[in-house]
Every structure is written in structure tokens, then in C-alpha cells.
Amino acid sequence: MMKMTELKKEKNSVYTDRAYLEINLNNLKHNVMVLKNAMPPQCELMAVVKADAYGHGAFEIATYMNRIGVKAFAVATIDEGIELRRAGISGEILILGYTAPARAKELHRYDLTQTLINYEYALGLNKQGYRVKAHIKVDTGMHRLGFDDEDAESAAAVFSLKHIKVSGIYTHLCAADSLDKKDICFTNRQIQSFYQMIKRLEERGINIPKVHIQSSYGLLNYPELRCDYVRAGIALYGVLSSPDDTTKLQLDLRPVLSLKAKVILLREIEKGDSVGYGRAFVADRDSLIAILPIGYADGYPRSLSCGKGYVIINGHKAPVVGKICMDQLAVDVTDLPDVKIGAIATVIGQDGKEEITAPVVADNLGSIANELLCRMGRRLKIIIA
């Protein structure tokens, strides 16, 4: 795996010959500081770096954050956790998803913290005979993973298992991104249910470990909660899930990722000529078409074909024409000034006064920034800005 110093050294080299992700570590550091300042005293940032750090590059993101003092991370799978350990990441690494109990030896070996999804799972993990750190997840309404929020007896029993070391307990708020009255009411019930579980455990003589409730929107909309961790995901990367999202806290978060591609060919076509598969675009005038070597295999969705998406070249918008291919797409640059082969097209990011953000791109295709960013193909090179 290429190290960050090598990536930075190669910034203007062969690695920018096609399409690439540009990662702004200054913006990442800024976001870390902004989020920490918004958190209550004694609360620690847990950086969520699952799905290759939301497509930003888990190695680059996690190693840098570790260097600037972030000591807790969250991933989705054991293999993501092992990858971080092998990259030299220190501190706690919490696995938010399922790990087969048969892999308990690896959990122990790599000092990973496993989420306990129910009591039967905890028993199965304990039977493997390896000491494993764990956080108990409580289901307060999401109805995915977790102990029933009224089953304090089973949760308390986990603390006495020989090979399980419980170091945390948490829940997940499923509507924290919404300020609709019904969603606020539901979220408050989730919070209340969680703390009732904590109280029941205390009544059973359990010494409560570290507690966490808030993900990004949990912090932004419920900043008054006092927890030991905030699990920051999408906000850490400087964007919200959707462009129209409103939050109680208005933080100065800055996008970390830009997606760029080079113009590799300029093609003059006549009125009536078509471009791409299915002749989906037919020119209604003589046109100049720029070809970019990026497609849906790089995570730029095919559903943005035929004018639904656009890029920025030389500070001007250029619409996508025709159907986006696996490896290439075409944009109309007829009205743009001085476009040349080798020009940089900004697919996500800012160029001059124009900017296209991940939430806007995602919204144009009926999705959220989280999904869009996570789908950025691993074949894209990562360049440190």
C-alpha cells in the first residue's frame, strides 16, 4: 500500500493522468477540531472510517487522524479493523457490525473491540476462549442489531462472561437527521429508553462502561447529550447527507474530498450526430464534446447521464451528455472558453466560483452523500492536497 508521503510526492505525476480523488487533510484537521469543540467536556471523538473512510481512503484518513490525536475509530467489519491495525493505527477500533464468533482469535490478536448484537451472540463469542473487548449495542427502535432495550437481565449477564471484557455500551438513533416533530419525539423516546437500560444495569450493580449515542446528526441535532464518545462519520468528511438538511448546530465543516478527471479528447461533432450508447444524445447544433476517463466503475453513477449531471471545467459548468459508461463519460463544452486536452474537470469539488458538492450530486440521483462517497471505486488514485 502506498504511503501518504509517496502520494503527496507524486501529486502531479502519472497518478493524475486519468481520474483521481483529491483529499484535503487541512480540511480534515479543521473538521476534527470543529467537532471536538462542539462536543461536551470529557467526550471523545470516535472517527467512523468504515467503507474505506466513506470512500476517502481509510489508510490516508486514519493514519493522519491518529497522528493529530484521534484515538478511537469505528469500522463495519473485522477485516476493516485488521487493515487499520496493520497500517499502524493505535487506540480503540470498534467493529460496528457482525463478526463470526469463530474469528475471536483475530479479534484478540489485533486488539479489536466487537459489538455484541444479542446475548446468544455474546455466549458464542465467549465460548471461543479468547479474551475479547466488546461494546453492548442496545436496540431502542432501529430494530437492526442489539439487545432489547427492556432486557437488562441479558445485558447484565454479559458482564460476568469470562472471556468478554465489556468496555462500552451504545445505541443508534435512526431519525436523528430529521427535525420533524414526530421524528424528534421518536428520537427522544430512543434516548430515554437507552438511559432507562443504563439505570436498570446500575440497579443490578453493573459498573457502567463508556456510553455513546450520537452519530454525526446525533451531535448536530442533540448536542446537549452527555456521552463518552461521539461517532462522527459523514460530518467528519465535511458534508451532510443531503443538501437541504437543517440542523440545530450550524458548524463550519469543510469538504475533504474532491473528485477530478482530465479531458483526454475533444471531439467536434455536427448537428444530428450522436454520442455514446443508444444514441441517447443527438446534437441539436454543431458541438464540441470533451471525453473524460471516468465512469460508473469509478463511482460516478450512470443515473446522472443525459444532462442530469455536470462537471466544472475552467470555472464553468459542462453538462453530461449521452449515457455514462463504465470507464468514460462525455460533456458538452461548446459554450466553455478555452477548453484544451489536459484540462482538469471537477466532478465533485470547487473550481473558481463554481462548486458541486457531494450532497448535491447525490440529491440529483435521488440518494445521499453517504452512498455516493462510499461507492467511489478503489481504482481511483488518492492524491493528498
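Note that segment 274-286 has calculated 3J(HN,Hα) couplings of 10, 10, x, 4, x, 6, 5, 10, 10, 5, 9, 6, 4 Hz, one per residue in order, obtained from phi through the Karplus relation 6.51 cos²θ - 1.76 cosθ + 1.60 (θ = phi - 60°); glycine and proline are x.
Measure nothing but the geometry: give the 0 to 90° angle between the long axis through the Cα atoms of 25-38 and the longest principal axis through the Cα atoms of the chain, rounded to 10°. Around 40 degrees separate the two axes.
Value of Rg to Rh for segment 182-312, rounded to two decimals, is 1.24; Kirkwood radius and Rg both from alpha-carbon coordinates.
I need the calculated FRET efficiency for the pair Lys162 and Ile198, taking r as the beta carbon distance and R₀ as 22 Å, to the nearest 0.05.
Numbers: r = 24 Å, r/R0 = 1.08.
Efficiency at R0 = 22 Å is approximately 0.40.
Its alpha carbons give segment 95-220 an Rg and a Dmax of 14.9, 48 Å.
Can you pull the percent of Cα pairs in the chain with separation above 31 Å? Intermediate results must be reported in sequence, preceding the final value.
On the way: 32118 of 73920 pairs.
Tail of the P(r) past 31 Å holds 43 percent of the pairs.
Model label sites at Leu251 and Glu120, defined 7 Å from Cα along the beta-carbon direction, differ in position by 3.8 nm. Derived scalar couplings between HN and Hα for segment 114-130 equal 9, 6, 8, 8, 5, 5, 4, 5, 4, 4, x, 5, 5, 5, 6, x, 10 Hz in order, rounded to whole Hz, by the Karplus curve 6.51 cos²θ - 1.76 cosθ + 1.60 (θ = phi - 60°), x for Gly and Pro.
Which value, in debye to the nearest 20, gives the size of the charge dipole of segment 190-345 about its Cα centre, when Lys and Arg are +1 and Asp and Glu are -1 at the Cβ?
My answer is approximately 520 debye.
Per residue, the chain exposes 46 Å² of solvent-accessible protein surface, assessed with a 1.4 angstrom probe and all protein chains in place.
Over segment 7-130, what relative contact order in percent results from Cα pairs under 8 Å that are six or more residues apart? Let's see the in-between values first.
Working: 132 pairs, mean separation 21.3, N = 124.
Relative contact order of segment 7-130: 17 percent.
For segment 78-159, the Stokes-Einstein estimate of translational diffusion at 25 °C and a viscosity of 0.890 mPa s comes to 187 µm²/s, using the Kirkwood hydrodynamic radius over alpha-carbon pairs.
Take every Cα pair under 8 Å whose residues are at least 6 apart in sequence, average their separation, divide by the length of the chain, and the relative contact order is 18 percent. P(r) tail for segment 1-156: Cα pairs beyond 22 Å make up 51% of the total. Annotation: amide H of Tyr310 within the under-5 Å range of Val320, sequence separation 5 or more or interchain, hydrogens built in the peptide plane.
Per-residue Karplus couplings for segment 81-94, computed as 6.51 cos²θ - 1.76 cosθ + 1.60 with θ equal to phi - 60°, are listed in order as x, 4, 4, 5, 4, 5, 7, x, 6, 10, x, 7, 10, 8 Hz, Gly and Pro entered as x. Tell me the GluC sites (Glu not before Pro) within segment 74-155 that lie in a loop according to DSSP and have at most 15 other beta-carbon atoms within 10 Å. Loop-located and lightly packed - Glu150. The portion of the accessible surface of the chain made up by carbon and sulfur, rounded to a whole percent, is 47 (1.4 Å probe; DNA, RNA and ligands excluded).
Against the chain, whose longest principal axis is taken from its Cα atoms, helix 58-67 shows a tilt of about 60°. Taking 0.36 nm per residue of separation and subtracting the current Cα-Cα distance, fully stretching the chain between Lys36 and Asp180 would add 49.2 nm.
Highest mean first, what order results for 241-250, 109-118 on Cβ atoms within 10 Å?
Numbers: 241-250: 14.2, 109-118: 19.8.
Top to bottom by mean Cβ count within 10 Å: 109-118, 241-250.
Full extension of the segment from Arg375 to Glu270, taken as 0.36 nm per residue of separation minus the current Cα-Cα distance, would add 34.2 nm.
The values are calculated or read from the model by the stated rules, or taken from the named source; none is laboratory data. Fair warning: this is a prediction, and the values are worked out from it, not measured in the lab. Here Cβ is always computed from backbone atoms with ideal geometry, including for glycine, and neighbour counts include all displayed protein chains. Accessible surface is based on the protein model in full, side chains and every heavy atom, while ligands, DNA and RNA are left aside. Shrake-Rupley method; radii C 1.70, N 1.55, O 1.52, S 1.80 Å.
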